[in-house]
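J.: Got a structure for you, questions after.
The values are calculated or read from the model by the stated rules, or taken from the named source; none is laboratory data. Nothing here was measured: the structure is a model prediction, and the numbers come from that model. Ideal geometry is used to build each Cβ from the backbone, glycine not excepted, and the neighbour counts take in all protein chains shown. Remember, those area values only see protein heavy atoms, side chains included, never the ligands or the DNA or RNA. Shrake-Rupley method; radii C 1.70, N 1.55, O 1.52, S 1.80 Å.
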Amino acid sequence: MIRSRISPKGQITLPKAVRKAIGAGPGDTPLADHAEAGLPTASTVRLKLFTLDNRLVTRIAGRLSSRDRKRVAEQLGPLLT
């Protein structure tokens, strides 16, 4: 999740995080600091985006490290322009 705070109203857009990336896809970003993100094993952020109603978010397990946020943003940026 790239946002630091979740409003109880609206929706958020999230990328998918996978443990084992079967065949690297465009925009796949292996996380250097998976534990800081609250993930138990090495994981990859896959830029398959989905939206989620904020009311369904019950807790935040972790956050991407600044290093991982930068790397994911570098992959996501060109897709949004």
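J.: What number of residues in the stretch 39-69 are among the basic types (Lys, Arg) and surrounded by fewer than 11 Cβ atoms within 10 Å (Cβ to Cβ)?
T.: 1
J.: Pairs please, first residue from the stretch 50-73 and over 15 Å from Gly27 (Cβ atoms), second anywhere and in a strand (DSSP E or B) and open to solvent by 50 Å² or more (accessible area, probe 1.4 Å), Cβ atoms under 9 Å, 6+ apart in sequence or on different chains.
T.: Correct list of pairs: Thr51/Gln11; Thr51/Thr13; Leu52/Gln11; Leu52/Thr13; Asp53/Gln11; Asn54/Gln11.
J.: I've got another one for you. Are any residues in the stretch 16-31 under 13 Å from Arg63 (Cα atoms) and either open to solvent by 50 Å² or more (accessible area, probe 1.4 Å) or not in a loop (DSSP other than H, G, I, E, B) (or both), and if so, which ones?
T.: Ala17
J.: As an exercise: evaluate Phe50 against (1) part of a loop (DSSP other than H, G, I, E, B); (2) under 15 Å from the mean Cα position of the chain (by Cα); (3) modelled with pLDDT under 90 and give the number of the one condition it does not meet.
T.: All conditions pass for Phe50, except number (1).
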